[in-house]
Structure formats: C-alpha cells, structure tokens
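Read-outs throughout are calculated quantities, based only on the coordinates presented, and are distinct from any laboratory measurement. Only a predicted model underlies this, so the values are computations on that prediction, with no experimental measurement involved. Methodologically, a virtual Cβ is constructed for each residue, glycine included, from the backbone with ideal geometry; neighbour enumeration extends over all protein chains shown.
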Amino acid sequence: MRAHAYALGMIETWGFPALVAAADAAAKAADVQVVTYEGADAGIVTVYVIGDVSSVQAAVDAGAEAAKRVGRLLHSHVIPRPDETVPLMIQKKFNQQNAARYDAPKQQEAEQSGVDIPTVSELQGMTINDLRKLARSYTDFSLSPQEIHTAKKEDLLRLLEERRNEGGEPTA
C-alpha cells in the first residue's frame with residue numbers, strides 16, 4: 001500500500017458549535033483544507049482536514065483549543081501520510097454529502113443548454129439515485145430532502161410524473 005504525501009487531521013467534539021469553532025480555527029491557523037465533517041451519535045461530530053504534515057498539526061492544535069473554549073473537545077489526532085485507502089473513505093463521505101450541491105448546477109446548465117426534462121419513459125428508466133437528484137433539483141418539491149432520501153422509487157416516479165404533467169421544471 002502506498003501512503004499519501006499529505007496528512008489527515010481529525011478533531012472530534014461534542015456539539016456542533018464546538019465543531020464549527022474548531023474547523024474555523026483550523027482553517028485560519030495553517031494552509032489546510034477542511035474536507036468534511038461527520039456526525040456520530042449523541043452529539044459527537046468530527047471534522048477532517050488535510051494538508052502537509054506540519055500545517056495539519058498546527059491546524060489541529062488550534063482547532064482543538066478553539067473547541068475547548070467553545071464546547072467540549074473529545075479527541076484530536078493527526079495521521080501523517082495516511083494509507084491511500086483512508087482518504088478514499090473520507091472522499092466517499094464528502095461526495096455523498098455534497099452530491100446535491102454539485103448536481104444542482106449541472107441540472108441548471110442542462111436546462112440552459114436546451115436539454116429537456118426527462119419524459120415519463122426516461123423517468124422510469126432512471127436509477128433511484130438519479131430520481132432523487134432530479135427531485136432535489138426542484139425548489140418546491142412536495143417532499144423534503146430527508147423524505148426524498150428515504151422515498152421508494154415508485155413514489156418518486158409518481159411524484160415526478162405528476163410534476164412533469166403539471167409543467168413544473170427544476171429550478172435549483
């Protein structure tokens with residue numbers, strides 16, 4: 001297994017305000033990138049930062065101090081040159097969290113370029129993930145983002161077909 005040339009830093013807090021303070025302090029303390037955060041259970045949240053080893057260490061130290069001031073720091077840790085599978089795991093989490101943010105501009109570009117909204121038969125041929133992305137592209141869709149996330153394919157198809165028949169277009 002190969003190792004990456006950068007480091008991975010983690011700051012785990014209890015409570016979101018402490019996490020935000022930690023991420024802000026970490027980003028301001030050194031040349032690092034705040035990649036994502038992850039919530040566990042009972043208010044435990046972790047923020048992930050990457051950069052060169054010394055920058056990540058400085059950022060994690062600053063973030064840990066900020067978390068202590070604002071709330072409760074649980075743990076902080078730096079992994080220098082992590083194995084290549086570790087960043088892939090975090091990147092997958094980052095991609096899942098930000099899929100809607102990146103897919104909305106793509107949908108808007110498609111609309112501006114004259115691409116039509118899928119027909120009923122095209123909708124039926126789409127995967128559940130594609131249907132969810134399309135549903136999220138409507139600002140006033142009848143389901144909340146959480147309901148879209150857990151909706152069955154049949155329900156999304158029915159609602160999207162109704163929406164298409166009403167003449168609604170994605171607006172995100």
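Table for the structure above
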item: Around residue 25: net Lys/Arg minus Asp/Glu count, Cβ-Cβ under 10 Å; result: -1
item: Cα-based Rg / Dmax (Å) for segment 7-83; result: 10.9, 32
item: Normalised contact order of segment 7-83, rounded percent, pairs of Cα under 8 Å and 6 or more residues apart; result: 48
item: For peptides 52-62, 16-26, 74-84, sequence by mean Cβ density within 10 Å, most packed first; result: 16-26, 52-62, 74-84
